[in-house]
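Worksheet for the structure shown next.
The values are calculated or read from the model by the stated rules, or taken from the named source; none is laboratory data. A quick note: this is a predicted structure, and the numbers were derived from the prediction, not measured. Cβ sites come from the backbone with ideal geometry, for glycine too, and all protein chains shown count toward neighbours.
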Amino acid sequence: MGIMRLGHVDINVLNIEESRTYYEEIMGLTVTREDKDGTLYLKCWDEWDKYSLVLRPSEEATFNKIAYKVKNDSDLDDLKIKVENYGIETKFLEAGVVTDCGRVLSFTLPSGHSFQLYAQKEFIGKDTGDTNPAPWPFKGKGIKAHWIDHALLMCQGPEAVMEVTKFFIDIFDFTLTEQVTVGPDGCLQAATWLTCSSTPHDIAFVAGEEVGMHHFAFFLDGWNDILRAADVMAMHNVKIDVTPQRHGITRGETIYFFDPSGHRLETFAGLGYLAQPDMPVITWTEDELWRGIFYHTGIENGAFTTAYT
Ligand code: M3P
Ligand code: FE
C-alpha cells in the first residue's frame with residue numbers, strides 16, 4: 001500500500017502570533033500543540049491526526065520539509081530499501097524525534113526537498129467526532145478548511161522535475177495524472193501532477209530557478225465555498241494572488257493567496273476527476289500552458305511561477 005497521503009507541511013514564519021491568528025481565525029485550523037520555542041502545530045477540523053501544519057518562528061519565511069503518511073510501519077522498512085537502492089541516503093529518526101510521531105524515515109528527494117515518511121502520529125479525531133457526526137463544525141471559524149490536500153514543490157529546471165517524477169512513480173508507486181511538456185517535440189516535463197489516491201494530485205512539481213515551495217492547498221467542498229472563502233479573505237485584507245478561478249489542470253476550483261509571511265496558499269475545491277493508475281496521462285502543451293493553469297483567461301502571469309518560498 002505504501003504512501004496514503006500528505007501528512008504535514010513544515011514551514012518557517014515571520015511573526016508567530018500573527019500566523020496563529022491567521023491560520024485559526026481565517027483558515028479555520030486549530031492549534032493542537034505549542035512548544036516552548038514558539039513552534040505551533042495545527043490541524044483542520046476534518047483531519048484526525050494531531051497536526052498537518054507546523055509553523056516555526058523565524059527571521060525568514062522558508063519551506064522546511066514535507067511529510068507523507070504510509071499505511072503500515074513495515075512500509076517504512078520496504079521504502080528505506082527502495083530509496084537507498086535508488087542511491088539516496090536515508091536515516092531513521094526514533095519515535096518522538098518528529099513531534100508526536102512514531103519513527104520517521106528521513107531523506108532528501110532528488111529535487112533537493114527534505115522529505116519524511118511516517119506511519120504513526122498522535123490521534124485527536126475530527127472536530128465533528130465519529131459517532132452520528134454533524135456535516136460541518138458549527139463552531140468552526142473562517143473558511144473552515146477541511147484538510148491539507150496537496151503541495152506543489154519547485155524544482156531546478158525540467159530535468160529535476162523529470163527525475164523526481166520518475167522517483168515518485170518508481171519508488172513510491174505514484175501515478176502521473178497530468179504533465180506540461182516543453183522543448184523539441186515536447187520531450188521535457190516542465191511540470192507534473194502525481195497521485196497516490198483517487199484525487200488528481202497528492203503532490204506536484206514545477207520547474208523554476210530554485211528549490212522551494214510554490215504552495216500547499218486546503219480542500220474545500222465546492223465552488224460556493226470558494227466564493228465564500230474569497231469573501232472571508234477580503235474581509236480580513238488577505239493578499240489574494242489569483243481570485244476564484246478554474247484550473248484546466250486537475251479541473252480544480254481555486255484561489256491563490258498569501259499567508260502573513262508570504263507563503264503562497266491555495267484553496268482547492270471539487271474532486272476534479274477519478275484518478276486511477278490506468279487513466280491516460282493528460283498532457284498540456286507549451287502553447288496551452290497558461291490555459292492549463294488559469295482556464296478562463298489563459299493569460300500568462302509571470303510572478304505566479306517565479307515568486308515562491
Ligand atoms: C495547481 C493545482 C502551476 C500550477 C498549479 C496548479 C504552479 O496548483 O492544484 O493543480 O503552474
Ligand atoms: Fe495546487
- Only one residue in D127, D170 is buried (at least 21 other Cβ atoms within 10 Å of the Cβ) and either more than 18 Å from the chain's Cα centre (by Cα) or away from ligand 1 (no atom under 16 Å from the Cβ) (or both). Which one? D127
- Task: Given the conditions (1) away from ligand 2 (no atom under 16 Å from the Cβ); (2) within 30 Å of A234 (Cα to Cα), report the number of the one that V164 does not fulfil.
- Result: (2)
- Message: Given the condition among the aliphatic types (A, V, I, L, M) and at pLDDT 95 or above, answer yes or no: does some residue in segment 285-304 qualify?
- Response: no
- Across segment 190-213, what is the total count of residues that are closer than 24 Å to D287 by Cα, buried (at least 24 other Cβ atoms within 10 Å of the Cβ) and not hydrophobic (A, V, I, L, M, F, W, C)? 3
- For segment 73-81, indicate whether the set of residues that are β-branched (V, I, T) and touching a strand residue (DSSP E or B) at 6+ places or on another chain (Cβ under 7 Å) is non-empty. no
- Taking segment 134-185 only, how many residues are acidic (D, E) and on the phi > 0 side of the Ramachandran plot? 2
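Kindly provide the set of residues from segment 140-184 that are without any contact (Cβ under 8 Å) to a residue 12 or more places away in the chain and either of a type in the set (D, E, K, R) or touching a strand residue (DSSP E or B) at 6+ places or on another chain (Cβ under 7 Å) (or both), ordered by number. Before you say what the answer is, go through the steps one by one.
Taking segment 140-184 first, the residues without any contact (Cβ under 8 Å) to a residue 12 or more places away in the chain are 166, 184.
The one that is without any contact (Cβ under 8 Å) to a residue 12 or more places away in the chain and either of a type in the set (D, E, K, R) or touching a strand residue (DSSP E or B) at 6+ places or on another chain (Cβ under 7 Å) (or both): K166.
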